[in-house]
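Written out below as structure tokens is the structure these notes cover.
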Amino acid sequence: MMRIHMKKYYARILIVVILLSFICYRSQGKTSDGIYINPVIKDYVYHDASLIRSMDGCFYSFVSSIVPRDSTESKAYYTVSIFRSNDLVNWNFFKYAFDKRYIENRTVNDYDRKVGRNGKFPYHKENRNKHYAIWAPDIFKYKNKYYLFVSLHLSIQDTKIAVFESDSINGDFKYKQILVSSNKEDGDSYVDTEELIDPFPITVGRKSYLMYGSFRRDSGGKWLPKRSKMGVYISQLKMKKGKFTLGKRMFVTDYYEGCMVIPHGGKYWLLGTNGSLYNSTYKIDYAVADRITGPYLNDKGESIADTINYTPGNPILKTTSKQRFNGFGCPSNPIIDNNGQYWVMMHGHAKEYLPIQMEIAEQERYTFLVPLYWDKEGKPYFDVDEIQRNKIRKPAL
């Protein structure tokens, strides 16, 4: 009798697994013989993808905003959206990260360049008329709960990193706290740094950290006076009485935005983006450190934290306007497949597709899935030729 019950139990588990696989998968991208083509998401404008694999076997990507190619498809523009996949290649819209309280009732049809590109979050402090743009969400699992870190942006001078919480990866994320802010109205969260964007939470061993901030120089090293109070910082991230706290702020660099870190080979590899996101000058560089907090050095041994001399990182994904795909930036945290291959999502330009939101194709951003390799010296690299050929073998999942 026990064997019969056990057989029924395992049969039910098998049915659940099959159903979950079916739910995750809906064929949207083109694949054949284990080969896929980029961009993996071209039917939506889809910014600042973060990436996580859930216990249900699916992959989830949290994004700043979406604009459907199909004009009859109604989607809320001013919020954080979640896409889901079972193979990192075929992605479909899943749900909004927040409940209706945090979704302004507007769609892309209400889009106004004077208002702003991304979401409007009604964060109310002293002034209840302030609505902040939502940028660059990053999903983070911490002690059996899921936390969504987002940038709230009213102006360069008034930005915040906010945290939302959920018991489940596919549940509604509830507002939890303002972690760091450039607005003095936020009291203990205030720091004297502008453009607090692109949060990147990471756990290393038993400790967690948050990297955030933006550049103050252009891709050629020229100082940008309007961005003089900016930089990228990292702090230890702790939980105290149910709220996150940040430890001492440590300066990382002032060259990049969209920074993320990959532990590999006993070292920490920072990938950062600079250039114009609207053309082929957008590119990704890397630097390496022995500790998560830095200092991060280029191949010459120079620190990218040098504020006197121009000592940028090393180009790892640089393209030109003549290439079919170009202007890559803001890579996600990686997923490692069963063969040990690293995969990251990032946005870039694909000139061969009609634009959805921008006026010309060269400015439109789509989402790419790109393999990250490691050379014999243990350094990271992207195969630009492979990306341009656009016949990449699917992840082994």
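The values are calculated or read from the model by the stated rules, or taken from the named source; none is laboratory data. None of the values given here were measured: they were computed from a predicted structure. Quick reminder, even Gly has a Cβ in these numbers, built from the backbone with ideal geometry, and neighbours come from all protein chains shown. Each accessible area value is taken on the protein alone, full model and side chains, heavy atoms only, with ligands, DNA and RNA left out. Shrake-Rupley method; radii C 1.70, N 1.55, O 1.52, S 1.80 Å.
Quick notes on this one:
- Considering the stretch 337-358, and only residues there that are open to solvent by 30 Å² or more (accessible area, probe 1.4 Å) and among the charged types (D, E, K, R), the residue that is farthest from K318 (Cα to Cα) turns out to be E352.
- Test: residue in the stretch 330-352 that is within 19 Å of D254 (Cβ to Cβ), out of contact with any helix residue (DSSP H, G or I) (no Cβ under 6 Å at 6 or more places or on another chain) and outside any loop (DSSP other than H, G, I, E, B): no
- All positions within the stretch 36-57 that are open to solvent by less than 40 Å² (accessible area, probe 1.4 Å) and of a type in the set (A, V, I, L, M, F, W, C): V40, I41, V45, A49, L51, I52
One line per residue, one yes/no per condition, for (1) among the polar types (S, T, N, Q); (2) in a helix (DSSP H, G or I); (3) modelled with pLDDT of 90 or more:
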| residue | (1), (2), (3) |
| --- | --- |
| I15 | no, yes, no |
| I18 | no, yes, no |
| N38 | yes, no, yes |
| Y60 | no, no, yes |
| D112 | no, no, no |
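- Residue count, the stretch 359-378 (criterion: assigned to a strand (DSSP E or B) and either open to solvent by less than 40 Å² (accessible area, probe 1.4 Å) or within 18 Å of T281 (Cβ to Cβ) (or both)): 7
- Those residues of the stretch 379-394 which are open to solvent by less than 30 Å² (accessible area, probe 1.4 Å) and either assigned to a strand (DSSP E or B) or at pLDDT below 95 (or both), in sequence order: P380, I392
- Within the stretch 277-327, considering residues that are β-branched (V, I, T) and part of a strand (DSSP E or B), the one farthest from M358 (Cα to Cα): V288
- Taking the stretch 149-249 and the strands (runs of 3 or more DSSP E) fully enclosed by it, the elements with 3 or more residues that are open to solvent by 30 Å² or more (accessible area, probe 1.4 Å) and over 26 Å from N309 (Cα atoms) are at 174-181, 232-240, 243-246.
- Residue in the stretch 119-131 that is at pLDDT below 90, out of contact with any Ser or Thr (no Cβ under 7 Å at 6 or more places or on another chain), surrounded by 24 or more Cβ atoms within 10 Å (Cβ to Cβ) and not small (G, A, S) present: yes
- As a summary of the residue check, N90 satisfies the conditions (1) assigned to a loop (DSSP other than H, G, I, E, B); (2) at pLDDT below 90 except for the one numbered (2).
- Filter result for L397 (touching a residue at least 24 places away in the same chain (Cβ under 8 Å), among the aliphatic types (A, V, I, L, M), open to solvent by less than 50 Å² (accessible area, probe 1.4 Å) and not in a helix (DSSP H, G or I)): no
- Selection status of Y142, of a type in the set (S, T, Y), modelled with pLDDT of 95 or more and either in contact with a Pro (Cβ under 8 Å, 6 or more places away or on another chain) or closer than 20 Å to Y60 by Cα (or both): no
- Within the stretch 68-87, the set of residues being open to solvent by less than 20 Å² (accessible area, probe 1.4 Å) and modelled with pLDDT under 85 comprises A76, Y77, Y78, T79.
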